[in-house]
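Here is the structure we will look at.
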2 protein chains.
Amino acid sequence: MPVQFPKHLKPIEPQGTTLLQQERNNATFNSNDLTQFIYGNDYLKSRDRILQILQADPLLGDKSHRYYNGRDVRFKKSLAAANRLVELTRIHEWNDQEFSIAEFLFDEPSPFRLHRSMFMPTLANQGTEEQKKLYLEPAIRHEIIGCYAQTELGHGSNVRGLETTATYQPETQTFVFNSPTLTSSKWWIGGLGVAANHAIVMARLISQGKDHGPHPFAVQIRNLENHEPLEGVIVGDIGPKFGFNTVDNGFILFKDFHVPHIGFLARYSSIDKATGEYKTPPNSKLAYGTMVFVRANIVLESRVVLARAATIAIRYSAIRSQGSNASDPKKITAPDGPIKTVETPVLDYTMQQYRLFPIIAQAYACHFTGQEMHRMYYENQAKMEQGDFSYLADLHASSSGLKSLTTTLAVNAIEDCRRACGGHGFSLFSGLGQFYQDYLPKVTWEGDNYLLTQQTSRYLLKTLRSVRSGKISQKNSTFSSSYISEYLSNPQAKCPFSSVKDLSNPEALVSAFKFRAAFLIDKAVYAIDVDQISWNDMLVDIYRISRAHCQLLMVSNFIQAVFNNENPGTLGPVLQRVAILFCLSTLDQEAADFLTSGYLAPAQAMMVKQHLIQILKTIRPDVVALVDAFDFPDYLLNSALGENDGDVYEKMVAMTEKEPINQLRVADGYQEFIRPLIHKGKDNWKLDKNGIARL
Amino acid sequence: MPVQFPKHLKPIEPQGTTLLQQERNNATFNSNDLTQFIYGNDYLKSRDRILQILQADPLLGDKSHRYYNGRDVRFKKSLAAANRLVELTRIHEWNDQEFSIAEFLFDEPSPFRLHRSMFMPTLANQGTEEQKKLYLEPAIRHEIIGCYAQTELGHGSNVRGLETTATYQPETQTFVFNSPTLTSSKWWIGGLGVAANHAIVMARLISQGKDHGPHPFAVQIRNLENHEPLEGVIVGDIGPKFGFNTVDNGFILFKDFHVPHIGFLARYSSIDKATGEYKTPPNSKLAYGTMVFVRANIVLESRVVLARAATIAIRYSAIRSQGSNASDPKKITAPDGPIKTVETPVLDYTMQQYRLFPIIAQAYACHFTGQEMHRMYYENQAKMEQGDFSYLADLHASSSGLKSLTTTLAVNAIEDCRRACGGHGFSLFSGLGQFYQDYLPKVTWEGDNYLLTQQTSRYLLKTLRSVRSGKISQKNSTFSSSYISEYLSNPQAKCPFSSVKDLSNPEALVSAFKFRAAFLIDKAVYAIDVDQISWNDMLVDIYRISRAHCQLLMVSNFIQAVFNNENPGTLGPVLQRVAILFCLSTLDQEAADFLTSGYLAPAQAMMVKQHLIQILKTIRPDVVALVDAFDFPDYLLNSALGENDGDVYEKMVAMTEKEPINQLRVADGYQEFIRPLIHKGKDNWKLDKNGIARL
């Protein structure tokens, strides 16, 4: 007999739905307009169509099991879902973008994820036409399933350290794969543990006695008939993880395993079949262009991560009431007439605003920066096709740092929002726990967030040296070289903020971020070039430089997008307020840099801190509408706290009723582990017929 | 046929055990001496005895299942363990301290946790002698199992907002319990979902038509004979959480549920049995003393959390090698003679040092502050017994802020350490994932870490006002009033750091922290008293004040303990270096405050930043010994990355072999969800007899 909550009980007044409605009525703009502005109509139409398909699907429509099951059950359901998504793709003839929308809405990492995101693209980019026919075509039809095996148990970011070997034997015309050590086991490979029958394997190519370093091979690893591992292959799942447990991250080792000559992906380099002679690849910068595109998408993904976490925390904070704000107590009119004081929604406390509103601003900042990166990607591709590579280095450097910055912001935001939800944030029903666990690896993979910043800063230091030596002039300047050059022309500049009005001056804000980034770059160049400090001893500064540069990019893109628009429309004022909030909260958080540079005076820093509280107040009426504008369907959020209609407590209760423990009147384990203890005291009992001690 | 790794493969040279041994050889002090210093011999002897009992126990000795199972299995095992710990306590006649050691080593939140930590202490403190006999005595024998039911679905920190009512009926001489709304459901109650048959319930006491606000009642909730919920009670488990899933946090609602008169805990207030007349409690400050003790223990717990996370990350970072540090490449002598360059242990990169070494320093800082709190607790208890309450307010205020600060540090440290372990940090085998998940609620419960700081700061603001008005003089001064008064006598003081030598001057460092805290307090008093800023608009400053004050306490206690000792012994130099690291890394991290106050000049801030990198280097040789000194048994750590002997990769592999998925040659789910896709392509196959596509 499962536990049931009394159906007649309602939450205390005022109801969540009422509170959310009030918030929506108070907004200064129409959130639907902003939704259209963010996504455009085409996307929204596709999304709605796909959402209907998913919600109606018998297998994919119900996410209610997700929070209760262990890895075994969740993984099997995840395989079933992966299979079903392939079927739906066939039925509805979804293109890549439509599939991505479905994947986003379904919102669970899939065992087929790497098949689509790495296996197929690597074949497409690095395979010959023959190889595409052999591997890519069946892969598109999911008749083979692949993964991407690069990292090893002992080797992460440093690809040159990989140990797995592929030695070419001209006699057999095969590459012989071996795992020489335990640390050479391929590890963390998504889709490899259970699903994949093929892999792109990065292995050291050895031919004619020479080690040519890591190269990619297409390798069949499991029997197509029965899925058993092939002879010479040891493969399995790497076990439980902090998150991502619906994916079968796997390991693989090879022992004298033969891969045919055709397996070596030969678009850029090749091995002569007869002799084993190695032909070096022509140097190509084109791959960097693609990386910019991938990273632009990561920035846009950060945007929805930030916005989704904020949606849950903001909506719930409008409903969750606690204590009373002495200076402005919350009052409601009771159904029977009199006005009474009720607890204050936590959203009215400035501490909660200080914790949450900057996250909304970061989401919008990532939106505009992601869009700008897409624009620059296309501009750069067009230039590169004409042989002009002048944009590439700047764009690549910025994109590395932005991946690092925005994914760090996003992951911190989920956890900050979870904590800002108080106790209930810790319940999986909040929709923030698994979300955090599954998003978290982003700060480590596709470029570790610390390592990546070295790429950004190395470029910026080089740029400063070139500006100083006159190699870069106005003619061939970039955004980076311009602001560095501006700084070098007046390194003693002081921040002009003299009143709070200046704190809303977009140009003054951008200038401050420019000065701070350039200052850090200049000091680092001096330390390295003059003081001969080693690169290793500069790593902390290097990290800060990248962060400062990328915060500048975000500030600049945001300001550019919402202030320089000739016709800002009805959305102008609110987006401008959000932009100012982004600038000031970032400035406040990084105040130490601005102060240390001597640009910002102590009194100015104090002014920023005080004014920030006022800015939070100007945003306050719009915050629910600002998160509503991201228009996340309840199907995506899967959150008792954050869904659209605000019936938080009813949802908590409904989800609690489904907890497996609650399906029995007396839980499993009682007989064995509790009863013996209690019944030891039996001699002392005076129980009535209902089992109640008579005291 | 389970997956097995080839037994003959070893990790790449140099081996982890060798690397850790080198680290230990390089230490400047004996880590065993430090272990003795931290814990004392008595504790270590008890611990070793209990550790042996646990490790030898058939049920508690094996933790290997923990990372693979879902909540259902883990919870049942957790009940079994709770039962077994009760048995062991009986067998070995463990006292409270010994039980705590066992609980610490076993390291899994238990369904009986609140029975011991809240149910029994509440009865002991708030029950009459008769009530102790009725409830506490059987509870000590575990013949009844209790929990502590305070928070409700709609009400967390604000106890006054609780809705559950207990209305006294003189006719029946019972309290009638009711849950008037859905939000009044008791929620989050540890042990209630499955285990407890009794609860301390906080309910609004209503008698003679008057609401006396929340009071504690001892209430039987399940049938002692068969554990079924009593009539009028709806009880169950609140469902899955981000962590703590081995505990049955539960909910309960009441409908016209009668509790006998004796259930009202009547040591401090009472209800006349015949008339229902309420007698108000005498005001007692004694409870605050206990709170200080509880919080001193939380600070000491933070110490071991910090140290445990650091142990794992530091040991693994000494072994995990990646890339090459160009300025100081790592070389080893190969077994066959020649010296060769190998990858650099990540511990040699300053970024990794910057991320991890301050965490070690924080652990030691919490050690000395926790000890000082214990000392002050006893001093204060002695004073209170003589009617002297002069220490209490200061101590209570500081203990609130320290709970907030040290648990925030600790929870951040686990996650920072996890990320610093790269990809493998994300594997549960790291020993950091579940550790984080289970420790995390500490920042929310026993006083939310944001709310608590209001208590601290309110006291400090009041202190400044009293100093200024002359109410506090040298005669009745406290630590807080002294430093505030020092500041007020010279609010324009400037930091005297002129060379890096000054940065190791303990007095100068303490002075800087004093100035900064007092500055923040002074500005807040001005804002509130003169500028009439509301408390709500000051909450961000309030939080910072508490943080600044508590960082000062930690700095001051640490310095006091390791510099003012007349005979520092062999441990003196290393502990002094760690103290300086703690001061400088905290100063660097909070530089914005120091700069904004005008005390620290930009050039000084820059000097701190640069010198910090040098301090990290001086600590470098000792870091493994510094974490070794905390002497955590492998049984506790349960971590492939962090165990004592350094065979990281062998442990990762051994734990991977136990993954349930790897027990089958072809995983469950293949037949149903993968095979149909692959076999669709059958017509195109040319397979050889081994299932390999012939290309």
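The values are calculated or read from the model by the stated rules, or taken from the named source; none is laboratory data. The model shown is predicted, which means the values in this text are computed figures rather than measured ones. Reconstructed Cβ throughout: ideal geometry from the backbone, glycine too, with neighbour counts over all protein chains shown.
Somewhere in the range A:153-170, is a residue in contact with a helix residue (DSSP H, G or I) (Cβ under 8 Å, 6 or more places away or on another chain), surrounded by fewer than 21 Cβ atoms within 10 Å (Cβ to Cβ) and farther than 24 Å from A:T275 by Cα?
The answer is yes, given that some residue of the range A:153-170 is in contact with a helix residue (DSSP H, G or I) (Cβ under 8 Å, 6 or more places away or on another chain), surrounded by fewer than 21 Cβ atoms within 10 Å (Cβ to Cβ) and farther than 24 Å from A:T275 by Cα.
Could you give me the residue pairs with C-beta distances under 7 Å whose first residue belongs to the range A:677-690 and is more than 7 Å from chain B (Cβ to nearest Cβ), whose second residue is assigned to a loop (DSSP other than H, G, I, E, B) wherever it lies, and which are 6+ apart or on separate chains?
A:K686/A:R694; A:D688/A:R694
So is A:L612 touching a residue at least 60 places away in the same chain (Cβ under 8 Å), of a type in the set (A, V, I, L, M, F, W, C) and either closer than 23 Å to A:Q353 by Cβ or part of a helix (DSSP H, G or I) (or both) or not?
Judged against the criteria, A:L612 is a match.
Has the range A:41-59 got any residue that is free of Cβ contacts under 8 Å to residues at least 60 places away in the same chain, in contact with a helix residue (DSSP H, G or I) (Cβ under 6 Å, 6 or more places away or on another chain) and within 14 Å of chain B (Cβ to nearest Cβ)?
Yes; the residues of the range A:41-59 include at least one that is free of Cβ contacts under 8 Å to residues at least 60 places away in the same chain, in contact with a helix residue (DSSP H, G or I) (Cβ under 6 Å, 6 or more places away or on another chain) and within 14 Å of chain B (Cβ to nearest Cβ).
Please work out which residue is surrounded by the fewest Cβ atoms within 10 Å (Cβ to Cβ), limiting yourself to the range A:124-152 and to residues that are small (G, A, S) and at pLDDT 95 or above.
A:A139
Identify all residues within the range A:34-47 that are surrounded by fewer than 13 Cβ atoms within 10 Å (Cβ to Cβ) and part of a helix (DSSP H, G or I); write none if there are none.
A:N41, A:D42, A:K45
For the range B:615-640, what are the residues that are surrounded by 22 or more Cβ atoms within 10 Å (Cβ to Cβ), within 14 Å of chain A (Cβ to nearest Cβ) and not in a loop (DSSP other than H, G, I, E, B)?
B:I615, B:L616, listed by residue number.
Pull up the range B:232-247, narrow it to residues that are part of a loop (DSSP other than H, G, I, E, B) and within 7 Å of chain A (Cβ to nearest Cβ), then point me to the one that is surrounded by the fewest Cβ atoms within 10 Å (Cβ to Cβ).
Out of the qualifying residues, it is B:F242.
Check the range B:600-622 and report whether any residue there is modelled with pLDDT of 95 or more, within 23 Å of the chain's Cα centre (by Cα) and of a type outside the set (V, I, T).
No; the residues of the range B:600-622 include none that is modelled with pLDDT of 95 or more, within 23 Å of the chain's Cα centre (by Cα) and of a type outside the set (V, I, T).
Would a scan of the range B:109-118 turn up a residue that is more than 9 Å from chain A (Cβ to nearest Cβ), touching a Cys at 6+ places or on another chain (Cβ under 6 Å) and under 29 Å from B:T453 (Cβ atoms)?
yes
Considering only residues of the range A:171-184 that are in contact (Cβ under 8 Å) with a residue 60 or more places away in the chain and closer than 15 Å to A:D272 by Cβ, which is surrounded by the fewest Cβ atoms within 10 Å (Cβ to Cβ)?
By that ranking, first place goes to A:T172.
Could you tell me whether B:L153 is at the interface with another protein chain (Cβ under 10 Å from one of its Cβ atoms), over 24 Å from A:H679 (Cβ atoms) and touching a Leu at 6+ places or on another chain (Cβ under 8 Å)?
yes
I'd like to know if the range A:210-220 contains one or more residues that are within 11 Å of chain B (Cβ to nearest Cβ), touching a Leu at 6+ places or on another chain (Cβ under 9 Å) and not in a strand (DSSP E or B).
Scanning the range A:210-220, I find no residue that is within 11 Å of chain B (Cβ to nearest Cβ), touching a Leu at 6+ places or on another chain (Cβ under 9 Å) and not in a strand (DSSP E or B), so the answer is no.
State the number of residues belonging to the range B:192-209 that are among the polar types (S, T, N, Q) and away from every other protein chain (no Cβ under 14 Å).
2
On the basis of being in contact with a Phe, Trp or Tyr (Cβ under 7 Å, 6 or more places away or on another chain) and either of a type in the set (S, T, Y) or surrounded by 14 or more Cβ atoms within 10 Å (Cβ to Cβ) (or both), does A:Y67 make the cut?
yes
Look through B:I298, B:I359 and report the one residue that is surrounded by 16 or more Cβ atoms within 10 Å (Cβ to Cβ), in a helix (DSSP H, G or I), free of Cβ contacts under 8 Å to residues at least 60 places away in the same chain and more than 14 Å from chain A (Cβ to nearest Cβ).
B:I359 is the lone residue from the list that is surrounded by 16 or more Cβ atoms within 10 Å (Cβ to Cβ), in a helix (DSSP H, G or I), free of Cβ contacts under 8 Å to residues at least 60 places away in the same chain and more than 14 Å from chain A (Cβ to nearest Cβ).
I need the full set of residues from the range B:3-40 which are of a type in the set (D, E) and within 14 Å of chain A (Cβ to nearest Cβ), in order please.
B:E13
Filter the range B:651-674 for residues that are at the interface with chain A (Cβ under 7 Å from one of its Cβ atoms), in a helix (DSSP H, G or I) and either under 23 Å from B:E13 (Cβ atoms) or hydrophobic (A, V, I, L, M, F, W, C) (or both) and give the result.
Passing the criteria: B:M652, B:V653, B:M655, B:T656, B:I661, B:F673, B:I674.
Just to be sure before I move on: is B:D622 of a type in the set (D, E, K, R) and within 18 Å of B:A309 (Cα to Cα) in the structure I sent?
yes
Considering only the range B:517-549, how many residues are over 20 Å from B:Y450 (Cα atoms), touching a residue at least 12 places away in the same chain (Cβ under 8 Å) and acidic (D, E)?
2
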